[in-house]
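I have placed the structure first, in the form of structure tokens, so that the comments after it can refer back to it.
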Amino acid sequence: MSGDRAVRAVLFDVDGTLYHAGALRRRVMLALLRLPLSGPRRARRTIHYLRCYRHALEQVRYRTPDAAGVVTQHLLLAAELAGAPPEAVRVEVEEWMLRRPLRYLRRCRRAGLVEFLDMLRHNGIPAGVFSDYPVADKLDALGILDRAALCLSAGDPEINAFKPDPRGFLHACDRWGLQPAQVLYVGDRPELDAVGATAAGMPCAIIGNAAPAAAGGPSYIPVSGFAELARVLERLSGAEV
């Protein structure tokens, strides 16, 4: 592979990519199911707010960001869908989507993640993350914060765009001083991660059980896990890893 197109850095999604999202959701749901013990009304309200917050993201990610910023835009739409004050929704989201899951993350971490990151470090290949949500606390809970040279999220002022908008992908390239073709993006959702990476001009690997890329759709390489990803990286980087 020519030097100007060889992969020189790896940028990761977080949720569903670095850990098994289904396993985490099950643990959080079990905790949510205990809420009726302290009041069934509170449990229903919390679940309703979280559902509206998730639905709001899938709508707002395709809208043009406004002056308030995408994080505020997302919260206001979620509150509108929930029929509740934004502050009430924010409190439940911070507890159940940002804080509470942290205690379960280490147990849901994908096999081979730490070894893969250590391999990158050994070979002088920087690793970073770009996610729709804040990343530092999650990386710390996963035990890998010290391995991330770059931590970016959609709400950062320099980005202000949810995936699949390419701005976050391109900002990572700018921070590293690399061309998009030199940065491999690793995600778990082709419709967001592969679309955004393709729009930015970056190669993309989709981890998990993704089907091969369809003709006419975004380009990506499906991988089953980090062992297979290491083999893909060796081919794309032109270096023995």
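In table form, for the structure just shown:
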item: Of all residues making up region 187-199, the number that are surrounded by fewer than 17 Cβ atoms within 10 Å (Cβ to Cβ) and either outside the structural domain of R121 (by TED's automatic domain parsing) or more than 25 Å from R109 (Cβ to Cβ) (or both); result: 0
item: Pairs with Cβ under 7 Å, 6+ apart, first in region 22-34 and within 18 Å of G208 (Cβ to Cβ) and in contact (Cβ under 8 Å) with a residue 12 or more places away in the chain, second outside any loop (DSSP other than H, G, I, E, B) and not polar (S, T, N, Q); result: A23/C108; L24/Y104; L24/L105; L24/C108
item: Residue check, R54 closer than 30 Å to G225 by Cα and outside the structural domain of C173 (by TED's automatic domain parsing); result: yes
item: Filter result (assigned to a helix (DSSP H, G or I) and either exposed (fewer than 13 other Cβ atoms within 10 Å of the Cβ) or in contact (Cβ under 8 Å) with a residue 60 or more places away in the chain (or both)) within region 75-97; result: E87, E94, W96
item: Region 117-172, subset in contact (Cβ under 8 Å) with a residue 60 or more places away in the chain and among the basic types (K, R), residue farthest from L192 (Cα to Cα); result: K138
item: Residue within region 161-180 that is farther than 28 Å from A68 by Cα, out of contact with any Phe, Trp or Tyr (no Cβ under 7 Å at 6 or more places or on another chain), among the polar types (S, T, N, Q) and not assigned by TED's automatic domain parsing to the domain that holds Q59 present; result: yes
item: Residue that is modelled with the lowest pLDDT [pool: residues in region 1-20 that are more than 14 Å from A141 (Cβ to Cβ) and of a type in the set (A, V, I, L, M)]; result: M1
item: A67 of a type in the set (G, A, S) and at pLDDT 95 or above; result: no
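Here is a yes/no grid of residues against (1) at pLDDT below 95; (2) surrounded by fewer than 20 Cβ atoms within 10 Å (Cβ to Cβ):
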{"site": "Y185", "(1), (2)": "no, no"}
{"site": "G201", "(1), (2)": "no, yes"}
{"site": "A213", "(1), (2)": "yes, yes"}
{"site": "Y220", "(1), (2)": "no, no"}
{"site": "A227", "(1), (2)": "no, yes"}
{"site": "A230", "(1), (2)": "no, yes"}
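The values are calculated or read from the model by the stated rules, or taken from the named source; none is laboratory data. The structure displayed is predicted, hence computed values, not measured ones. Neighbour counts run over all protein chains shown; Cβ positions are idealised from the backbone, glycine included.
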